[in-house]
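Just below is one structure, and these are the notes that go with it.
The numbers here are math on the coordinates, done by the rules we state, and not lab data. Being a predicted model, the structure only gives us computed values, none of them experimental. Positions of Cβ are backbone-derived with ideal geometry, glycine not excepted, and every protein chain shown enters the neighbour counts.
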Amino acid sequence: MKKFVVKWLCVMLGTFLIPFCFKSAVPPRQNGSGVAATPTEVPVPSGDTVRVYFPEEDRTEEMDLREYIVGVTAAEMPVSFAHDALCAQALASLTYTLYQRAHPKAALADGAAVSTDPAAYQAYWTEDEMRERWGGDYEENLAKIRRAVDEVIGYEIVYGDEPVAAAFHAVSPGRTESAENVWGAEIPYLVSVESAGDSVSPKYASSLTVNAKELKAKLGLEAEGAPEDWFGEPVYSEAGTLLSVEIAGREFTGQELRGVFGLRSAAIAIDCDGDAVTFSVRGYGHGVGLSQYGADYYARQGMTWREIIAHYYPGTSVIER
């Protein structure tokens, strides 16, 4: 059973981990200028590599693990975020990579552990992409990302004695969601926790309005009359995810509606006005694990990356690799 669960988690977390954001020996907090103090030296494994698949080029490359995590952190979280938020993101991405390396998927070519496809794994920027996106700020931004990565590269997040499937997303609806409500399996460290500050994110709220004809076509419905008569009472999780709603005699989950209509999350409120149906959405991403904007908010309130990690992955520990 244990082997089955591990394999199942590899498949599901690889598929849904979308982006489209952490002291006994306490890591340094930021000083008054917002610049991190010099980190405590931690032994870092030498010659540590990971096999990465680049789908656009259909090639697999053996990469230095540190350099890979630099490229992932740069791509996954805005460089303007606080130092400890970047550290938290770097450690989550590192641990996710270690988890995938320990449980590689046969579907990836040439023994790759991860892919640069952001829809299934983690985003990644090459040096050229960083230069193109950051322009004249390249050197300064890269130095900031490297400081964060170097502070956590010698650690990993574990539950028991295994690296965790460190899921993360951009913005929660105000609470993160449990893995059980998103992927159908209970994972003890991927449970719903408060994520204060997410509501002030520019990506927190979004909406989409469709007419009755489009709604029926996209959902394959056969219905007459006003749309307001098609909808049953919605069922929500504690975190605000739409768990189920009946539409014209058929039941849909928030995850299904999100996929069909390209919504930012499954925390969906539904409102009907005549022929128009509006989906009001809170959050961005699947909602499980670390909230990137939440991490930035907590870091700016003075939390260290260790505290942020402990908050978003309850029951886990941070240990040296």
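See the values below:
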{"quantity": "Separation in nanometres of the label points that stand 7 Å from Cα toward Cβ, at Asp110 and Ser317", "calculated": "3.8"}
{"quantity": "Protection proxy ranking, peptides 218-227, 233-242, average beta carbon neighbours within 10 Å, highest first", "calculated": "233-242, 218-227"}
{"quantity": "Neighbour-limited loop hits for GluC sites (Glu not before Pro), the stretch 154-207 (at most 14 other Cβ within 10 Å; DSSP other than H, G, I, E, B)", "calculated": "Glu186"}
{"quantity": "Phi-based couplings in Hz for the stretch 52-63 (Karplus 6.51, -1.76, 1.60; Gly and Pro marked x)", "calculated": "10, 9, 9, x, 5, 9, 6, 9, 10, 10, 7, 10"}
{"quantity": "The stretch 205-282, dipole about Cα centre (Lys/Arg Cβ +1, Asp/Glu Cβ -1), debye to the nearest 20", "calculated": "440"}
{"quantity": "Neighbour-count ranking [beta-carbon atoms within 10 angstrom, fewest first] of Ile270, Ile157", "calculated": "Ile270, Ile157"}
{"quantity": "Euclidean distance of C-alpha centroids, the stretch 251-321 and the stretch 57-130, integer Å", "calculated": "20"}
{"quantity": "Unit charges at the beta carbon, dipole of the chain: most positive-side option, Pro188, Gly71, Ala167", "calculated": "Pro188"}
{"quantity": "Karplus (6.51, -1.76, 1.60) ³J(HN,Hα), θ = phi - 60°, over the stretch 112-129, in Hz, Gly and Pro reported as x", "calculated": "5, 8, 9, 10, 8, 6, x, 6, 10, 10, 10, 5, 8, 10, 6, 4, 4, 5"}
